[in-house]
Amino acid sequence: MDSRVFIYVGMFGSGKTELSINTAIALRKSSNKVALIDIDIISPYFRSRDEKAFLENLNIKVITAPERYMLADLPIIPPEVGGYISNKEFLTVVDVGGNEDGAIVLGSLNHFLQNADKKIVFVVNVFRPFSSTEEEISRNIDKISRAARCRIDYLVNNSNIGPETTTNDIKTGEEIVLRVSKMTGIPVAFTSIDENIDYKGELPIFRMKRFMKNSW
Amino acid sequence: MATVDKIVAQMPKSLSKVEFSYCPGCHHGIVHRIIAEVIDELGIAEKTLMVAPVGCSVFAYNFFDLDGTVAAHGRAPAVATGMKRALPDRIVFTYQGDGDLASIGTAEIVHAANRGENITTIFINNAVYGMTGGQMAPTTLIGQKTTTSPYGREPKANGYPIRMSEMLSTLEGAVYIERTMVTTPQNVIKTKAAIKKAFQAQIKGLGFSMIEVLSTCPTNWGMTPIEAMKWLEENMTKTFPLGVFVDKTKGMI
Amino acid sequence: MKMLMKGTEAIAEAAIRAGCRLYFGYPITPQSELTEYMAKRMPEVKGVFLQSESEVATVNMLYGAACTGKRVMTSTSSPGFSLMQEGISYMAGAELPAVFINVMRGGPGLGDIQPSQSDYFQSTKGGGHGDYRMIVLAPHTLQEAANIMGEAFDLAFKYRMLVTILVDGMIGQMMEPVELPEWKNIEELKEPDWALTGAKGRKPRKVTSFDLDPYELEKMNLRYQATYKRVAENEVRYEEFKIEDADIIVVAYGTMARIVKTVADSARKEGIRVGLFRPITLWPFPYERLSKISQNVKHILTVEMSYGQMIEDVKLAVNGKTNVDFYGRSAGVVPTPMEVLEAIKKIAR
Amino acid sequence: MIKSIIIAGFGGQGVMLMGKIIAESAMLDGLNVTWLPSYGPEMRGGTANCTVIVGDEPIGSPVVDVPDVVIAMNIPSMIKFEEMLKKDGIMILNSSVIDREPSRKDIKVYKIDANKIADAIGNSKVLNMVTLGAFARVTGLVKLEMIGKALEETFAGKNKKLIDLNLEAVRQGMNSVS
């Protein structure tokens, strides 16, 4: 999965924000110029912006609504978003809101996205509602890619049920996501797992630290 | 040392130094500026009170360097009425979106207009609920998809887009109502003239005035600013034709 | 000179004399005479009367007018007061002063138009959203109602709070001789330093009830709470009637308290020493005083035109020091003196 | 001394006004008074009533369950309030409308042919003032002089003839009982 801009889309609660943060942290190891853009206009909770201070401490640029509107229930897309998608010096991760309702904002950025070296990554957690079968998932892929006005480049298996996740659960997810891949022709980039879990499957593994659980 | 011979453009005095919170391509900012310019030109800043709504423009009270408050959702015309009745020689205006004015606050705007309340309303119609994330508005077009009309607005289930300017213009108390847009420089000039006229009607004590400005919401429409502007011109103006719906100010201002 | 006045008229005239020149309202029985009185009277005193399209609009007109720093009021009855709760919460958050008259009638729902005291919770505990309080005054005679109007406006401005005059349909509808209070010189009323009047020669002012940052909003809330604390420390009002030697103290307010005064006399004729404790401020409730006097009596009886609302505050005050009993009728039924006497006799036995 | 009076009749018989004049007259005489109406739909047609209390002590309850005096202007009112009347209490009946006797024997009953007397004066509307006159004479609670003042205040700005007419009705009512 080689690219300059990584854009995570998916259904509500599929794990886009966790992946965005972890991707940004991983990219930071190879580059001094990493930006994380939070354009989740759907949910005012569990957003990358909640970890802004932590990320900025790691010298990762966090693009979100201005500080004073951080807690506003407002769908503010700051103008810098287009800038960081276009800026060739930056490795950029974009955390998009859930469902097609969240993906629709990509439409307003279409003119920037068209010319950017980017990958749109669809995150799947088969243990979330409306995501448990390959039919449901491919229907969601179709809806979200239409709302975003972009083709989906990769799938990611992020199947988990929180702290109770077993290796069997991850395996179940992997099997379903691979079948989706077969149906849609979209390759699977990796399986993401909690850093405390030991798992080895068919797909590459991306180890993640969970942030959002600390929010409550 | 360089000197300034002539200032050709500067920030209107009636705008505060607070940066707008609006998305790129959103028309709130343009309309804010127009209102501020009109207030400056009319020299009424020191006697103007503004009422901001609940909606994307909830912070508008802070973007203007004027006395101001924020009304409960939809109630701005009632709040403005209270202010104007208490201080009849001041200028009072409300700034409201389509959810605020045409849905939850329908009763308040209809009766303020019907009383001929001597206030001015700036009505921003972008056919969608911006603040709460792109839900269907009373002005959403037939067939338009929103997060709460995912299959497109269906008249049988959701009724029709409500034309507030046309409706309010039938009321005796309304003296000036015009619908405009700000998609081109010419349109911006027209909108400014309309807003100026609305304030002048109030200054002359003629009654209720409202300017409806058709606006874009690129973020919730899922369009680039340019596409959104085009969509507004091609689609919104069909349901919401531009024009003056009532003008009882002739020879008065 | 005393005049025979209806409660609604006495309250309206006293409000005008207290400097109120802005009235917004919507007709509802049993207080429509107040709205009508204002419609007739306000133009005579160069004031503003406006009949709004709904109670929802009324309270927001009040909000707008209150923003200008003037003395503003409205009057309504229970269902109308319910509709005003949204605006009341906003006004409380924006720290705007205003006076509300609620002439309570039977509920819930459409209920009836007869006297009731079943909006006690709504007024004293907050019928709208958020952590707010309003000062609630409960006069029991028309003279007291007339006298209290000036005080209501003074309190509203002193603390930047809402004040409700909570009466029932009986106080609203009955007539009694009233000595009207003196006229307040409205020229002397100073413009508050927060009023929105157009930013002439000063920085623009903003009146709002919100901050999206929870820590900032908490600061605002703590400021409200500090105000409420000052009110609770300084503005508690109550009346004690024949409590010195009482074995039973009846706690009642408004019309109910009047009835109990009659009952106390007839009970004493039968050898039962009954006294009355009458809260005049329902919020802040006179917890301390009631707590003190409850130590020496055998029984506390709460009598209300409801099925038990104020009794919760009475119990908090008494806090187990003695027995607390209850008698109440609601839905517009007014307990008669005889009924209340029977309830007292039952306890005395 | 505290005396309570319930006045009841059809809407339009002027029972509310009768109560107000009694209250006002007593107030002008330096007494404490309360006037409490039944309000609501009955104001517009059905049976209306009001409670007046007069006294030289502060008045507590404006509500009464054992009135000292009942003035009944029609049969339903007589039936409704007869039971409540105090033992040895006074009942004043408009005998032009009420063609039967109250069932209680432990009360004092006074019958006034109010409609007939009013018609003879030349205005059927003043039947309430005729009855008020009878009440004043029977109870001694209000004086003619004060009634005159109360009428002047009530009809302030109106035709002097109207006040005279009403006062004449009160006088004739007073004379009709002995």
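A few comments on the model shown:
- Per-residue mean of foreign Cβ neighbours for D:53-64 is 6 (Cβ atoms of other chains, 10 Å radius).
- Pairs from the list B:K13/C:K200; C:K6/D:K20; A:K171/A:K200; A:K52/A:K118 with a Cα-Cα gap above 20 Å: A:K52/A:K118.
- Integer Hz, Karplus 6.51/-1.76/1.60 couplings in order for the range B:110-127, x for Gly and Pro: 4, 6, 5, 5, 5, 6, x, 3, 7, 10, 10, 10, 9, 10, 9, 10, 10, 6
- Averaged over C:105-114, number of beta-carbon atoms from partner chains that fall within 10 Å: 1
- Whole-Å distance, taken between Cα centres, linking the range A:94-131 and the range C:128-155: 56 Å
- Relative exposure of A:Y84, A:Y154, B:Y151, judged by other C-beta atoms within 10 Å (fewest first): B:Y151, A:Y154, A:Y84
- Charged neighbours of A:G201, selected by a Cβ distance under 15 Å, balance to -2 (K, R count +1; D, E count -1).
- Simple point charges give the picture: +1 on the Cβ of Lys and Arg, -1 on the Cβ of Asp and Glu, and for the range B:70-137 a dipole about the Cα centre of about 200 debye.
- If you look at the Cα atoms of the range C:133-209, you get an Rg and a Dmax of 16.6, 50 Å.
- The range C:142-260: C-alpha gyration tensor shape, a/c 1.5 cut-off, then a/b vs b/c: oblate
- Neighbour count of at most 12 Cβ within 10 Å plus DSSP loop: longest GluC sites (Glu not before Pro)-free window in chain C: C:1-181
- Average projection area in nm² (convex hull over Cα atoms of the range C:2-234, one quarter of hull surface): 12.9 nm²
- Look at the alpha carbon pairs under 8 Å that are at least 6 residues apart: their mean separation over the length of the range A:50-207 gives a relative contact order of 17 percent.
- Taking all Cα-Cα distances within chain B, those exceeding 28 Å account for 28%.
- Cα-based convex hull volume of the range C:193-349 per residue, rounded to whole Å³: 170 Å³
- Percent of C-alpha pairs per 5 Å bin in the range A:105-177, short distances first: 3, 16, 23, 20, 14, 11, 9, 4, 1.
- With the charge dipole of the protein assembly as shown set up from +1 on Lys and Arg Cβ and -1 on Asp and Glu Cβ about the Cα centre, the Cα lying farthest toward the positive end among the listed residues B:P88, C:N323, A:V121 is that of B:P88.
- Trypsin sites (Lys or Arg not before Pro) lying in DSSP loop within the range C:122-231, provided at most 10 other Cβ fall within 10 Å: C:K190, C:K200
- Values of log10 I(q)/I(0), in the order q = 0.11, 0.23, 0.25 Å⁻¹, for the range C:210-279 under a Debye, Cα-only, solvent-free model: -0.47, -0.91, -0.99
- Under a 5 Å amide H cut-off, with hydrogens placed 1.01 Å from N, B:H27 pairs with B:T216 among residues at least 5 apart or on other chains.
- Remark on the range B:1-98: ratio of C-alpha radius of gyration to 2.2 N^0.38 Å is 1.19.
- A:T133/B:N158 FRET efficiency (R0 25 Å; Cβ-Cβ; nearest 0.05): 0.20
- For A:V188, the residues whose modelled amide H falls within less than 5 Å of its own, excluding neighbours fewer than 5 places apart on the same chain, are A:L155.
- Too-long pairs where the Cα-Cα distance tops 22 Å, listed order kept, from D:K111/D:K143; B:K47/C:K206; B:K47/B:K197; C:K269/D:K3; D:K80/D:K125; B:K84/B:K196: D:K80/D:K125
- Cross-link partners for B:K192 among the aspartates and glutamates, with Cα-Cα distance under 14 Å and sequence neighbours closer than 8 places in the same chain left out: B:E37, B:D40, B:E41, B:E178, B:E212.
- Exposure proxy ranking for C:W283, B:W231, C:W183, based on other Cβ atoms within 10 angstrom of each Cβ and starting from the fewest, stands as C:W183, B:W231, C:W283.
- Antiparallel %, DSSP beta bridges [both residues in chain D], to 5: 55 percent
- Binned Cα-Cα distance frequencies in the range C:1-117 - 10 Å width, integer %: 15, 46, 32, 7, 0
- Taking chain C and dividing mean pair separation by its residue count, relative contact order in percent (alpha carbons under 8 Å, at least six apart): 18 percent
- Computed from point charges on the beta carbon alone (+1 for Lys and Arg, -1 for Asp and Glu), the dipole magnitude for the protein assembly as shown about its Cα centre is near 980 Debye.
- Estimated FRET transfer efficiency when R0 is 41 angstrom, pair B:E234-B:D89 (beta carbons, to 0.05): 0.40
- Judged by the ratio a/c of the largest to the smallest principal axis of the C-alpha gyration tensor, the range D:84-148 counts as oblate, that ratio being 1.5 or greater while a/b is no larger than b/c.
- Ascending count of other beta-carbon atoms within 10 Å, so fewest first, for D:M84, B:M164, B:M83: D:M84, B:M164, B:M83
- Phi-based couplings in Hz for the range A:149-160 (Karplus 6.51, -1.76, 1.60; Gly and Pro marked x): 6, 9, 6, 7, 8, 9, 10, 10, 8, 10, 5, 6
- Backbone geometry of the range A:79-92 corresponds, through the Karplus equation with coefficients 6.51, -1.76 and 1.60 at θ = phi - 60°, to 3J(HN,Hα) couplings of x, 5, 4, x, x, 6, 5, 8, 5, 6, 7, 9, 8, 10 Hz, x marking Gly and Pro.
- Computed about its Cα centre, the charge dipole of chain D is approximately 340 debye, with only Lys, Arg, Asp and Glu carrying charge at their Cβ.
- Taking amide H positions as modeled 1.01 Å from N, with prolines and chain starts lacking one, the residues under 5 Å from C:M175 and 5 or more places away or on another chain are D:W35, D:L36.
- Selection of trypsin sites (Lys or Arg not before Pro), the range B:157-253, meeting DSSP coil and at most 14 other Cβ within 10 Å: B:K204, B:K250
- In plain terms, the bigger the Kirkwood radius, the slower the diffusion; for the range D:1-87, with that radius from Cα pairs, at 4 °C and 1.567 mPa s, Stokes-Einstein puts D at 100 µm²/s.
- Filtered GluC sites (Glu not before Pro), the range A:113-216: DSSP coil and at most 16 other beta carbons within 10 Å: A:E164, A:E195, A:E202
- Since only C:Q85, C:L110, C:W183 are under comparison, the one whose Cα sits farthest along the positive direction of the charge dipole of chain C, derived from C-beta charges on Lys, Arg, Asp and Glu, is C:W183.
- Base-10 log of normalised Debye intensity for the protein assembly as shown (one unit scatterer per alpha-carbon) at q = 0.05, 0.07, 0.09 Å⁻¹: -0.44, -0.76, -1.03
- Three-way shape call for the range D:2-176 based on the alpha-carbon gyration tensor, with the a/c threshold at 1.5: rounded
- Over all distinct Cα-Cα pairs of the range A:5-215, the Kirkwood formula returns a hydrodynamic radius of 17.1 Å.
Computed from the coordinates by the stated procedures, all read-outs in this text should not be read as laboratory data. Only a predicted model underlies this, so the values are computations on that prediction, with no experimental measurement involved. Here Cβ is always computed from backbone atoms with ideal geometry, including for glycine, and neighbour counts include all displayed protein chains.
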